[in-house]
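Please read the structure below before turning to the comments.
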Amino acid sequence: MKTLMIDMDNVITNNQFTLFLEEFLNKKLDFNTLNVKYRQDVIEGREEEFRDIYQYKNLYENAPLLEGCYETIKRLSEKYDIYIVTSYIWGKDIIDPAENLKNKFNYLKEKLPFIKTNNFIFAQNKKIMHFDISIDDRLSGLENADFKILFNSWSNKSISEEYLSENNIIRVNNWSEIENLLLKEFND
């Protein structure tokens, strides 16, 4: 059975971090128009103030799965050995790592009960692992995969189709595209 790695944030769910940032800054944020690498870049210089308020808040409480995610992962789990690989450490330590790890684990266990909890991997560096297929919204999460799927996100929109083609990376916009790709690509 082929191994399938799926990233969590911005692939399975959009956590509540943007809502916390908007609440903190008292304004709506559109990351498609902001020139930042990470969402926390918008609070640069105010990290300590943010941490004092939000470091123990649950980023996943009331966070829905992305549309079609549950059904697609459920169907794919019948054909692939699925691993959810996600980081739990935030830059500049603005979210408590121990609390975040616990919250991520509980979220995955509740929302995707058909995935064995032994297949939840919490790691900062995905490059040290190899999977047959990887789905991630960041290029760094795809480096050690045979088949690479980039989940479209505000953080990767500037990556050219030429670059993706040269590096054998397929961009997808939603879970329906993933299902069509994976069930046809390896099962025809």
Item checked: Heavy-atom accessible surface of the chain: percent carbon and sulfur, 1.4 Å -> 44
Notebook entry, point to check: Semi-axes, largest first, in whole Å: what does sqrt of 5 times each Cα gyration tensor eigenvalue give for the range 1-112?
Noted result: 28, 15, 12
Next item on the list: Provide the per residue accessible area, probe 1.4 Å, for the range 1-87, rounded to a whole number of square angstrom.
Entry: 54
Item checked: Reciprocal of mean inverse Cα separation for the range 89-188 (Kirkwood radius, Å) -> 15.4
Check: In percent, how large is the relative contact order of the chain, given Cα pairs closer than 8 Å and 6 or more residues apart?
Finding: 26
Notebook entry, point to check: Once every DSSP H run of n ≥ 4 in the chain is given -39500 (n - 2.57) and the sum is divided by its residues, what mean residue ellipticity at 222 nm do you get, rounded to the nearest 500 deg cm²/dmol?
Noted result: -8500 deg cm²/dmol
Notebook entry, point to check: Using Cα atoms only, what is the angle between the long axis of helix 97-111 and the major principal axis of the chain, expressed in degrees (0 to 90) to the nearest 10?
Noted result: 50
Next item on the list: Report the full-extension gain for the segment SER140 to LYS116: residue separation times 0.36 nm, less the Cα-Cα distance, to one decimal in nm.
Entry: 6.2 nm
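Looking only at the chain, where both bridge partners belong to it, what percent of the DSSP beta bridges are antiparallel (to the nearest 5)?
Just about 5 percent of them are antiparallel.
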Notebook entry, point to check: Over the alpha carbons of the range 132-183, what is the largest minus smallest coordinate on each principal axis, giving the biggest first in Å?
Noted result: 27, 22, 17
Margin query: Calculate the FRET efficiency for GLU71 and TRP154 from the Cβ-Cβ distance with a Förster distance of 25 Å, rounded to the nearest 0.05.
Written below: 0.55
Notebook entry, point to check: Thinking of the range 52-147 as a set of Cα atoms, what percent of all their pairs are more than 24 Å apart?
Noted result: 25
Next item on the list: Express in nm, to one decimal, how much length is gained between ASN106 and GLU166 on full extension, taking 0.36 nm for each residue of separation and deducting their alpha carbon distance.
Entry: 17.8 nm
Notebook entry, point to check: Given a cut-off of 23 Å, what percent of all Cα-Cα pairs of the chain lie beyond it?
Noted result: 43
Next item on the list: Compute the accessible area per residue over the range 142-187, keeping the other protein chains in place, probe 1.4 Å, unit Å².
Entry: 55
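The values are calculated or read from the model by the stated rules, or taken from the named source; none is laboratory data. These numbers were taken from a predicted model, which means no experiment stands behind them. Every residue, glycine as well, gets a Cβ built from its backbone with ideal geometry; the counts of neighbours run over all protein chains shown. Accessible surface areas use protein heavy atoms only, side chains included; no ligands, DNA or RNA. Shrake-Rupley method; radii C 1.70, N 1.55, O 1.52, S 1.80 Å.
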